[in-house]
Every structure is written in C-alpha cells, then in structure tokens.
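Structure first, then comments.
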Amino acid sequence: MPEIRVTPLGAGQDVGRSCILVSIAGKNVMLDCGMHMGFNDDRRFPDFSYITQNGRLTDFLDCVIISHFHLDHCGALPYFSEMVGYDGPIYMTHPTQAICPILLEDYRKIAVDKKGEANFFTSQMIKDCMKKVVAVHLHQTVQVDDELEIKAYYAGHVLGAAMFQIKVGSESVVYTGDYNMTPDRHLGAAWIDKCRPNLLITESTYATTIRDSKRCRERDFLKKVHETVEHGGKVLIPVFALGRAQELCILLETFWERMNLKVPIYFSTGLTEKANHYYKLFIPWTNQKIRKTFVQRNMFEFKHIKAFDRAFADNPGPMVVFATPGMLHAGQSLQIFRKWAGNEKNMVIMPGYCVQGTVGHKILSGQRKLEMEGRQVLEVKMQVEYMSFSAHADAKGIMQLVGQAEPENVLLVHGEAKKMEFLKQKIEQELRVSCYMPANGETVTLPTSLSIPVGISLGLLKREMAQGLLPEAKKPRLLHGTLIMKDSNFRLVSSEQALKELGLAEHQLRFTCRVHLHDTRKEQETALRVYSHLKSILKEHCVQHLPDGSVTVESILIQAAAPSEDPGTKVLLVSWTYQDEELGSFLTSLLKKGLPQAPS
Amino acid sequence: MAAHLKKRVYEEFTKVVQQQQEEIATKKLRLTKPSKSAALHIDLCKATSPADALQYLLQFARKPVEAESVEGVVRILLEHYYKENDPSVRLKIASLLGLLSKTTGFSPDCIMDDAINILQNEKSHQVLAQLLDTLLAIGTKLPENQAIQMRLVDVACQHLTDTSHGVRNKCLQLLGNLGSLEKSVTKDAEGLATRDVQKIIGDYFSDQDPRVRTAAIKAMLQLHERGLKLHQTIYNQACKLLSDDYEQVRSAAVQLIWVVSQLYPESIVPIPSSNEEIRLVDDAFGKICHMVSDGSWVVRVQAAKLLGSMEQVSSHFLEQTLDKKLMSDLRRKRTAHERAKELYSSGEFSSGRKWGDDAPKEEVDTGAVNLIESGACGAFVHGLEDEMYEVRIAAVEALCMLAQSSPSFAEKCLDFLVDMFNDEIEEVRLQSIHTMRKISNNITLREDQLDTVLAVLEDSSRDIREALHELLCCTNVSTKEGIHLALVELLKNLTKYPTDRDSIWKCLKFLGSRHPTLVLPLVPELLSTHPFFDTAEPDMDDPAYIAVLVLIFNAAKTCPTMPALFSDHTFRHYAYLRDSLSHLVPALRLPGRKLVSSAVSPSIISQEDPSQQFLQQSLERVYSLQHLDPQGAQELLEFTIRDLQRLGELQSELAGVADFSATYLRCQLLLIKALQEKLWNVAAPLYLKQSDLASAAAKQIMEETYKMEFMYSGVENKQVVIIHHMRLQAKALQLIVTARTTRGLDPLFGMCEKFLQEVDFFQRYFITDLPHLQDSFVDKLLDLMPRLMTSKPAEVVKILQTTLRQSAFLHLPLPEQIHKASATIIEPAGESDNPLRFTSGLVVALDVDATLEHVQDPQNTVKVQVLYPDGQAQMIHPKPADFRNPGPGRHRLITQVYLSHTAWTEPCQVEVRLLLSYNSSARIPKCPWMEGGEVSPQVETSIEGTIPFSKPVKVYIMPKPARR
C-alpha cells in the first residue's frame, strides 16, 4: 500500500522553526528550513540529524522548498546547506530569492557581531547557499526529477510568499506556508485551484480567531494618525523592516495623497531601502491596485515618505516616523520613543504583537513609568495605541482555503496545540475531512489509494461511446476489452486488436445446450411455437424463423429435433457463442420453463 | 412662336437631366447584380486549390449582396459545397450561407432543405457546427414558421450525441433559441413539447465537457428569455452545478438559479440533512451568497451582482449577509461596528482606544461555532473586502438595490457603506457615496458615522468631494452636534479647496432647510461666539461667512423664532445675500420689515396661469397679422417680441417658450422689413448699396433659424418644419437680393438650381407635414414647381418675389416642453488683474469650469472657443470624460484649455466662451430610402456651424519672450 509520511522537525504544534519532512511515493522533500526566535542554543535550528545520522543529506532529500523569506521559514538554510551539508536543489520564488539573503545577513550580523557567537554561518556561506537556489514562477510546474514536480501558488502574506504543490504521479501534497485570505494594501489574497491533493499541510496561527473587517482597522489607524498630526503631535510607528511596514507605508502614502497632506513621513533607513527596491521590482506579486497603476506611478516610489535622519527627531512640528525594531526593545525606535514620550500630544502606534519584557509590551499593558538603564525613570505621557495588522489567515480563511483545494486529508502546523485542537475538530465536523496535528518529531502516515493509469485505445472508446445513449460523466461504466501489460505500462484495447498484436488466432467458443420439451407435435410446429413464444417475450431482440425450421435470436441458434426413442418429447438444441453468454443463458432458462400451452 | 421655342428649350433641358439619371441607374444595376453570383461562380470554378477557393470566398464575403441576388448566390455556393473536399472551404461556405440567410428581405426557407441535407452527409465536426449555426440563423429569421422550427429542433436533437463539443454546443444553442413555443397546437401537446426540450437540455447539464455544460445552461436561460416557463425541477440540477470545477459553468449556474428563484420565489424546498423547509428564494439567496466567496472572481462578480436584484428574500436572510461572528482565541468578540455603536449609545463617543479595549469577552462554546456558514452569512462582508475591485463595486451596487427596498437593511448596511468610503480605488469610493445618497431617505446617520463620512471631504479628488456634497444635501442628521460637525468640516473643506464654494453653499442650503430645529440652538454660536467669527461685523465677502449664513437663513425659513436671534448686521447681510445669491437664500418673513419677497412667494403659484394665458393671447394676436397693413404688422410684431422677452425674464418656467416664439417672430419681422424695402421698386442698377439691409436680414434669419433648431431641447418635428420653412424663405430672399444686385446670369443660374433643389429636399423630408402648410410660401411654390423648373432664372426670381410677398405667415405650434440651452462659465471668473504669465511658444493650462443646462449630447456638441486679441480664434473639443452629469438636464464641464501665443509686450485679455456646434443633417428625420447605406445627397447640403451660448469670459494673459 503506498503512503505519504509527514514528520515536522519544527512548527509541529508550535510557531517558529518551520521545517517539515514529507515522503511521498519514495521521494523525500523538506518544506521550509526556519529558525526559532525564542532560543539561542541548538534548539533554534531544526534537528537535522533526524534525517540521517552519518550519511550525506543530499542522498536522503530530493529537494528543499522555501515558502517565503521570513526567518522562521528560511533562517536555518545556510546552516543546513553549508554546515550540515546539502547540495541538492533549493526551490523558492524570485522575490524570496532576492530578499532572503538580506535578512539572513542581518540575522548573522546580530548573532555574530552583537552577541558574539562563534560557530555561526558566515557571509560567504550565505552566498554559497543562495547559489543552490532555483527560482520558480507562480503556477510554473517545475520538474525536480522525472517523477517529482512542484508548482507554486500565490499566498499573500508577504511579498513572494507562495504555497507549493508537490506531486509524484497521482499523489500530491500542498504545503501552504504562511498565507492570507484577505487582501491588504499591497498584496492580494491567497488563491489555489481545485487541485484535490491527498494532503493539505496548512498553517494555523489564528486557528481560533475570526477577524473583523480590515477596513475598520485601517480607518481607525488613519484617523488616529491624522488627528494627532493635525494637532501638531508626532507619531512613532515601530515596525520590523519588511512586510507590515510596507503595507503601512502604502496606507499612509495613499492617505496623504488623497487628503493632500503635507506633514513629513520618515522611514528609518537600514535594510529597508534595499528591500523597498525589490518591492518596486516585483510588481506582479502585489495586489490589483498596484499592478494596475504602476505604469503611471509605482506605488512603492513613495512621494511623501523620506529617509529618516537622527537629527530629524528634534525638529519641531508634526511628523510621522516609522522606525525599527518593532517591539521598542532597542535601536532607533527606542531612541525616538525616549525623546517623544514626554509630550502628551505625541503618539506611538504598535502595529503588531510584542513579546513580554520589551518596552513595547510594558507600555501596551498600561505602564506609565518605565525604568531605563542607568536607573533613569521615563514618564510616558504620549498616547499609546495598538493596531493589529496581521497577515495570516483566520479560522474562516483556513476553512475557505481547505474548501477551495478540496483535499482528502488536512495536516495542521505552525500554531499552538490548543488552538489546533479546535480547528481540527471543526474541519472534521464541517468538511468531513480527516485532520492531523503531529508534534515535532512525530510521524503521520497516510495510506493513499494507488491509482494506476491505463491507456485506452481510441477505437474502443469511440465504440463504447456510440453504444451508450446518454453521456453520464463521473459514473463508472462497464466496458469489454483486453488489458495488455507490457513494459510496465497498461493498455486497454479491443479483443480483436489484442489478438492481432499478440499474433494469435481467434477461437470460437460455442456453448450448446439441450432442452427437453414435452410436445407431441411435429418438429416444425414445435419450432414455430418456440418462435412465437420468443417473439412475444423478447421484443427488443431480433427473432427470426429460418426456412430450414430453426429459430435464431440475434446470433443464437435454436433447433428442434425429435429423439427417436420418445415421440412425446422434443429436444431443443440451443447454441450460442461466448460473447452472447448472457442472452444465451437467459434463453435456456426461459425455455426450460416450458412453452405456454398453445391455444389449440 | 416664342412659346413654342421656349417649350423646345425646356424639353431639351428636361430630357438631358432624365437621361443622366437613367444612365446612372442602369450602370449601377449592371455593375452589381449579375456580377455577384456569376463572378463568384467563375471564381470558384477557376480555383485550383482549396486555398484559392478560400481566398475567393473571403473576398466575396467582404461585399454586401442584395436581397434579390441572394438566392442565386446560395445555389452556386451549395453546388460548390457538394463538390468540395476540403473541410475548411466547406466551413467557409457554410458560414457564408448563414450570413446570406440573414440578409434583410430574403426568405431563407428555400435553402433550409439543402442545409439539412448537407448536414446529414457531413463528416467534419467543425463544418457540422458551422452548419448548425447556419440553421440557427435560418430558424431565427423565420420565427413564425412552426413546421420549420420543429424540424430544426429535431435535427438538433439528432446531433446532440455527436462526439465533438462544438457540435453539441451548437445543438444546444439551437434548442435554446428555437425550442418549441407553439401557439397553434393544443395545450397538451404544447406542454409535452416544452417539457421535452427542457428535459433534453437538462440532461446535458451533466455532460463531460464543461463547454457543453455551459452551453446547456445558456440554452436554458435562452428559453427563459424567450418566455418559456422553466420547471422548478431544474433548480436542483442547477444547484449541483454550483460546485462544478469550471468557472464558466458556475457563473452560468448562478444565473440559472437566480432565474428560477425569480420564477418560483414562494415554493418550498427542503434543507438537506434536516427536516426543515424554506422558501426557494431564500434558499437560492443563500446559495448565491455562498458563491460570493468562490475561487474565481468572474463568478464572484456575477453572484454579487445578482444578489442585488433578489428583493423577495426574507429580511432574516438579508440581514445575515452583514453578519460575521468574531472570535479571538475562542472567545466571542464584538466587531468594531458594534463597539462604535455601543460607545455612541453610552455617550462617550470618540474616546481613544485603549490596549485591550477590543479584548474578547465571553467564552465561546466550541461546539456551537460554525466556521462555514451554509447560508447567507457574511456574504457582503466578504464581497466588500474582496481583492478585485470589480467584485467590490458589484457588492456595493447590490447593497444599494437591496437597501432601497428594505429600510431596516439600509440601516444595517450603513456601517459597511461608510467603511467603503476609504477604499483604495476611487471608483469604489465614488460608487459607495452615490449608493449612500440613493438610500439616504431610509437612514439617519449616527454621529460617529457622520464623522467618517465627513473625513472624506478632504479627499483631493473633486468628484469625490462633490458627490459627498450631494450626499450631505439629502442626509438626515440626528443631533445638533452632527450639524455642527458637518459645518465645521465643510468650512475646512472650503478653506482647503476654495473652488468648491458653490457646491458647499448649495449643500449647506439643503442641510439648513432639512434640519431647522437642530440649527436653532447653534445660531448664537455660529453668528457671534464662534471662535472663527468673533469680529463685530464679519466680512461680507468671506465665503465661509456666507456659508454659515446660507445654513442659518435656510433653517430660518421654517423656523420663525430664529430671526429673533439675529443681530442688526445679520439683517443687512440678509438683504444683500437675498439679492446677490437669490438661489441660495430663501425669502424670509422677518419681523418689522416689509419685504417684497414675502409677497412674491405666494404669487408665484397664482400667477402662473395668467402668464401662460398672456403668452397664448399675445401669440394668437400675432397670427392675425395677415390682415394688417405692413406698417401695423411691423408694430404688432415689435410689441409682441418685447412682451415675450420681458415675460421670459420674469417667469423662468416660461422662458424657453417665450424666447423660442420671440425668435420666430423676430425672423418674421426681419422678413417683413426686408420685403418692405424700397429697393424692390427701384430699377436694378440703382440700389446696389441699399441692398445691404435685405441681405443682412436674410443672413440674420438664417442664423436665428439655426439657433431655433439646435439651441432648444424639446423641439419636435412640427416645429422643425416651420423652422426649415422660415429658412427656405430666407434663402429665397437671398436669391432675390443677389439676382437684383449682380449682373450676368451665370452665378444666378447655379443659385436657382440650388434653390430648387432645396425646395425639392424640403418636400421630400417633410412630405407628411405638407398638408399643415396651407397657403404658405412652400405650398404656393410647390404648386408652381413645374413652371419654375422650366423657367429661366430671371423668371424664377420674379415668381419667388411675388410668392414671398403673398405667402401667409405660418402659425408656430408651441412644443410642450422647451428649454433653451444655456451655459455659465464659473471659472475662470474673469476678475483677476494678475495676468497669467507663461513663456511664449510654450503652453499654459487654463482650468475651465462651466455648468450647462438643457444641452443634449454635450460630449459632441459643446466646444470651447478662445479668441486672442489679434482676432485669432481657437476651437477646443473637450474630452468626453470632462463632462459630468450631476442631474437631469444639467451637465458640468470641467476641463483644461491650453493657451499659447507668441510673445507680447503687454498683458492682454483673451476671451473664452462656449460654443454649441450643430450639424444640420442630424435633425432631419430619416426617410426609409436613406437607410440603405448609400451615401445620401443630404451630406453635401448639411451645414455645420456653431452658436455661441455662453457669456464670454476675459482672461488676462501674458506670454513672455523666452529667455535665452
């Protein structure tokens, strides 16, 4: 029995360190290769020794697929390919290929330069790793080898995020990566066709949430920024460099354009500038509005948003500043926050989740006095706002995607166990699809029904179609033919053709049967009675009475004979070919019942 | 002798003309008729290869074929069809047969037998499909012939089992278009036949090819369109198709479900997997709602559009479409809309949101949450958030239609519409504002909603702002704070975009008159204690102050206590504004003031009838003109014209009619005056100079007639005849004057010829109206026509002169609704003293903003003219997109005009004005013989021209020499 085996090395009942092993029809594929934000020791990378203890990884994996450029999906890639050692192909989309090394380099810098870690991958390793990458286009079917093929679908979430369909023969798996079912200001919604895979591996970050319309959120955000700026206040928006930052930029930029506002907007520089450049390039990956208008003006060429300089923070008058990092725990955003916190006209907007212990989390939970390093106490008078701009599908969205793809099984990853439990129950209840949620290292085995393609000859097919009166799609139908198995492929042909191909002569197979009848009349008359009897019963068949006294029904011959010993009984000889077996046996059973009493 | 000679001359003359005509006609016949079939035959015989034959056929198809020769051509084509081996050529022939059978005036029943015949023997699927298409064309051409229809349906049924999808497609199409609708047959038979067709088509809903499935659904829809009642059983079949793999099938299925739901809204269907039953229309609504979250956007658009027209759906289901249960970490959460509402009702509006304000409250029962709602749940929530703006627009439109029919739904969908004001695509924003305006009768805006609405006033797009002003004109506001908020935002808008002045004033006018009681408590604050307006006497020219006053005065109209709150200068300003902006400031009954206006307002209604009467009487008086002596007639006309003009000024409703008749009378007056000239009595050589007046009169009459014809909307055929008649008279006058003033006959000869031609045209165009023109110039002229045709020019002139003098004055029947086209240029205002400076040789863009009233088809007729001081005139055609249509009969032109000139030493003024262009052939009623597609002789005589219809505006410009 063929089967699909799935083992999460990371992201099983957990968020972060996405890494899932899939073996399908003898092919092994690794989906994503991420790091975990929460750990600084060995646990931050997936345990690749699970795959092989001492052999080379390349021998055990056919390919690696990276869904998008977030570090929890690609962070361990250089370690995996250069330090552990993997030389096979790595697949990702073009934008991911472009942006991924920037983020990896940044991550490396923080780990090595700031935290002083040794035994970490180097810049050169990142470069070498990226050389193994094969970039794919949306909806392009890529043949990894003769049997394994992959295809990317649009996933929303971040620029270049994709869902991948992995297909071997008739078996297929879809891995969603992270995706978003509602469009936002710069990206569209995830979309997949009815590909009916055997297994759908989906993220489930927001398994227990149904979100409100994004319009209210956007409106609130814009209103707050606008009001503050109008009253002469300064607005600080701490963001991480990629993803949400671009969405908020577009949101503010278009609002400024629409409302004809002149207040400056700044963006603290860094890797953003490089990334923004790629956003400008990968227009086909953005949403409808940007795609339609980029000929006139590329939406990422911001007219109102300028690069930030340290000195600008002290400028008088209103302004809006995007600064990294997003949780106010260090860097430029914290510096600006310190400068502005004392004025109640100013405002800080936290556009995402903050980890416990960061300044962001403290102010969000209502703390108004912060202890900074050096026993300074910072009094926060500025307004603190929270806006959730998240790009993951909510419970409804996940269900919608499952409904679109119509898989046979669903497997949940990238979420908390408790939340998954709920979604699993819902999927099984409402969609009637079996659902799995393995923990890290746990293997799920799915039996698949093996389907064997059989080629059918056109002549046979046409003949069969001509016989059937009405077309009935999707219903099994009985068909007579000969199955030829040759060189591990199967063909269904008509028996004549099979005989011809095999060089065999056709054998006639005839069945004959004697039926005894009590009838005192002459053979001729008996035959006539048989004829009229059959004629009255078999209306749709051609019944004939031949001049030599025999009766034919289609190709079945019936002869009446009088055995010499008993004049009271007549013997009916019934003879039919193998092809008419059905009718022939019916006839004999009919005749055995005897003829009706003829009206004398 | 002389008479005899003359006759001969004329005979010759007429002979020549006739011969020419004949020649042309015969030539034409010879050229066209036989060439078609014969040439085709020859060509096809010549063709050596299928490619050649195909080329000939293609060439042949480019030219039209007359109805008479169609049959011959068809025979030849069929003949070749039988011989032809190449399927592509047969395909082309089959398609040509279809095209030919569509020829008007040709009855294709004669080729049907052949077509069916060749159909039976055809092997190629493509040719088969094309032949079926031909049969369809034949069948649709003969809708009455039952036998043929039956036969074609039979043929279609036979070929339904074909293996090619194309053939099955065409068969289904044929069934859909021709499926029986017998009337002659008895009722039972009809029922049988109909069911048959529906069942046959229904069977193909499960065809293996998606294209055939689509065609089957389309055929079913076609049956419905032709008035066949579909059976309810189709509903279940169609529902299954909703989960088809192919988008075009799903899209068509959605339509079919909609059709069935409209046919059987009240029948009951069971809900699967439960014992409950619901109305079919509700069930269908739920299913279509589900399709709003389909994978394909084409289907989503289709579904969202159709939702709008399902008005019979019960309100319970309707309101579900806006419902979305929120949840966070398994706990129930309220939507932002609910929170806003709650905040509002608890009285603490506009508090900033705190962290955790939206924290989820109660735990959700995990078992009870349904993530995939089967019904209508949240359909519009999804539709309005869709990725494609086409879907969003369709959803907004559907919301609009549903809200118009259900006030309670209107109330509920308000939040969502308001949200759409922030869409990223302007079209969607505009659409939602318009939608809101349309349903504004059913709704009252809450303050927080109003806040969001007003925020859009800062939008930089003018269309959006103006749409919003229109919306505010007809919204209901619930509180005085709301009014205040609206006023403050509008004033902010005014300072940011001063060009919106008029629109904002108008908006405030309606806002005031709708909410007098809400404005009342605000008056003291607005007039004196408001921080913006705290000077003792505000500046009267301040648009913002005027805006406030407009609001207050309009509210005061229905609120008699309000004027008591006014200060002295307010009264003074009232008087000033009532005069200067009378369309914005209503008449008020102010205490202690005797105002004429108070007397005016009731008089408007009562005076209407007398003025109408007066108009009628004065016009009737004029028609007795005939019997007066020329002097008296002139005087009478002059007086009447004066009266009419004054009447038009006083009574705006009658202005159109009065102006129109006055213009006509002026023409008559000019004509009479011209005929009164002494010049007619003097010998020819002497009056060379004096003839100026007569020819000027002729010219002016011509101009006036063009104005009458093209500047008024609502002019009917009756009037057009009279106008053309007047023009003809003017032309006659012109001819006479020229005859008198020029020597030598050569130019005269041509003119006579032309005039007679015009008379001829007149007769042809208005042949039906001729009986109404008794005793008129034309009537007499036509009587004399045979004589005129045979006379020499001098003779013609003489006859014309006498008929012109003797002819009766025609009564101008008044049209029911007539309006004069007018235009006002709002911008440039022409007041600026600062010249517009630009470098010579380069261009400067001048913004032009004008309102047009009663202009038909302004996109084609309205032009902008720029007159430079050197007399150089430039005509600009505005783009069709520059015209907006804010209301019936009103248009707005917002465009940019590019000016350029060589360098000047001094700044100087250019004139900008609007012109109405016309084309005299446009109005002429088309005679049947003109529709043949031939070039009509009318084209040569059509006159294009322009009429200025706005006051010119002067713009100060200064092209500077370029610096080197």
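The values are calculated or read from the model by the stated rules, or taken from the named source; none is laboratory data. Note that this is a predicted model, so its numbers are computed, not measured. Note that we place each Cβ from the backbone using ideal geometry, even for glycine, and neighbour counts take in every protein chain shown. For accessibility, only protein heavy atoms count, side chains too; no ligands or nucleic acids. Shrake-Rupley method; radii C 1.70, N 1.55, O 1.52, S 1.80 Å.
Details
- In a simple Cβ point-charge model (Lys, Arg +1; Asp, Glu -1; nothing else charged), the range A:214-386 has a dipole of about 400 debye relative to its Cα centre.
- Around the Cα centre of the range B:613-806, unit charges on the Cβ atoms of Lys, Arg, Asp and Glu (plus for the first two, minus for the last two) sum to a dipole of about 700 debye.
- The B-A contact accounts for approximately 5200 Å² of buried accessible area, totalled over both chains at a 1.4 Å probe radius.
- Take the Cα of A:F586, step 7 Å toward its Cβ, do the same at B:K798, and the gap between the two points is 10.9 nm.
- Efficiency of FRET between B:K673 and B:D857 - r from beta-carbon atoms, R0 35 angstrom, step 0.05: 0.50
- Each Lys or Arg adds one and each Asp or Glu subtracts one; over the other residues with Cβ under 11 Å from the Cβ of A:A341, this totals +4.
- Computed helical MRE - 222 nm, the protein assembly as shown, DSSP H runs ≥ 4 contributing -39500 (n - 2.57), nearest 500: -14500 deg cm²/dmol
- Zone residues, the range A:54-94, relative to A:N298, backbone N less than 17 Å from point 7 Å out along Cα-to-Cβ: A:94
- Debye log10 I(q)/I(0) at q = 0.15, 0.19 Å⁻¹ for the range A:510-593, Cα point scatterers: -0.48, -0.77
- You can think of it this way: the chain between B:I876 and B:E638 has 81.9 nm of extra reach, that is 0.36 nm per residue less the Cα-Cα gap.
- With each label modelled as a point 7 angstrom along the Cα→C-beta vector, the A:E554-B:L814 pair spans 9.2 nm.
- A simple spin-label model places the labels of A:V377 and B:L842 6.3 nm from each other, with each point 7 Å out along Cα-to-Cβ.
- Environment charge of B:S917, counting only residues whose C-beta is closer than 11 Å and scoring Lys/Arg +1, Asp/Glu -1: -1
- A dipole drawn for the protein assembly as shown from +1 and -1 charges on Cβ atoms has a positive end, and of B:Q729, B:N275, B:S580 the residue lying farthest that way is B:Q729.
- Counting only protein heavy atoms and using a 1.4 Å probe, the accessible area of A:E523 comes to about 80 Å².
- Subset of A:K262/B:K492; A:K262/A:K292; A:K462/B:K240; A:K289/B:K305 violating a 18 Å alpha-carbon distance limit: A:K262/A:K292; A:K462/B:K240; A:K289/B:K305
- Projecting the Cα atoms of B:V912, B:L842, B:G871 onto the dipole axis of the protein assembly as shown, where Lys and Arg carry +1 and Asp and Glu carry -1 at the beta carbon, places B:G871 farthest toward the positive end.
- Each Lys or Arg adds one and each Asp or Glu takes one away; over the other residues whose Cβ falls under 11 Å from the Cβ of A:L328, this sums to +2.
- The dipole here belongs to the range A:269-368: it is taken about the Cα centre, uses +1 on the Cβ of Lys and Arg and -1 on the Cβ of Asp and Glu, and is about 280 debye.
- Cβ-Cβ distance of A:T520 and A:L478, R₀ of 60 Å, FRET efficiency by 1/(1 + (r/R0)^6): the value works out to about 0.85.
- Cα centroid separation, the range B:447-496 to the range B:848-920 (Å): 31 Å
- The range A:510-593, relative contact order in percent, only Cα pairs under 8 angstrom and at least six apart counted: 38 percent
- Within straight-line reach of B:K287, meaning a Cα separation under 12 Å, sit the following aspartates and glutamates at least 8 residues removed in sequence or on another chain: B:E373.
- Residue-normalised accessible area of the range A:214-264, expressed per residue, 1.4 Å probe, Å²: 27 Å²
- For the pair A:M485 and A:H139, a Förster radius of 51 Å applied to the C-beta separation gives a FRET efficiency near 0.90, rounded to the nearest 0.05.
- For the range A:317-367, the set of chymotrypsin sites (Phe, Trp or Tyr not before Pro) satisfying both a DSSP loop assignment and a count of at most 15 other C-beta atoms within 10 Å is given as A:Y353.
- With respect to chain A, whose longest principal axis is taken over its alpha-carbon atoms, helix A:331-340 is tilted by about 50°.
- Under 16 Å from a label point set 7 Å out along the Cα-to-Cβ vector of A:D59, the amide N atoms of the range A:2-41 belong to A:28.
- Rounded tilt (10° steps) of A:395-405 against the dominant C-alpha axis of chain A: 40 degrees
- Folded to 0 to 90 degrees: helix A:458-467 orientation relative to chain A principal axis, Cα: 70 degrees
- Contact with the other protein chains removes 20 Å² or more of accessible area, compared with the isolated chain and a 1.4 Å probe, from these residues of the range A:194-216: A:K194, A:R196, A:T208, A:T209, A:I210, A:R211, A:D212, A:S213, A:K214, A:R215, A:C216.
- A:M372 - accessible surface, heavy atoms, 1.4 Å probe, Å² rounded to 10: 20 Å²
- Cleavage-rule hits (GluC sites (Glu not before Pro)) in the range A:271-359: DSSP loop, at most 12 neighbouring Cβ within 10 angstrom: A:E301, A:E344
- Cα centroid of the range B:696-774 to Cα centroid of the range B:393-421, whole Å: 57 Å
- Taking the C-alpha atoms of the protein assembly as shown, convex hull volume expressed per residue in Å³: 331 Å³
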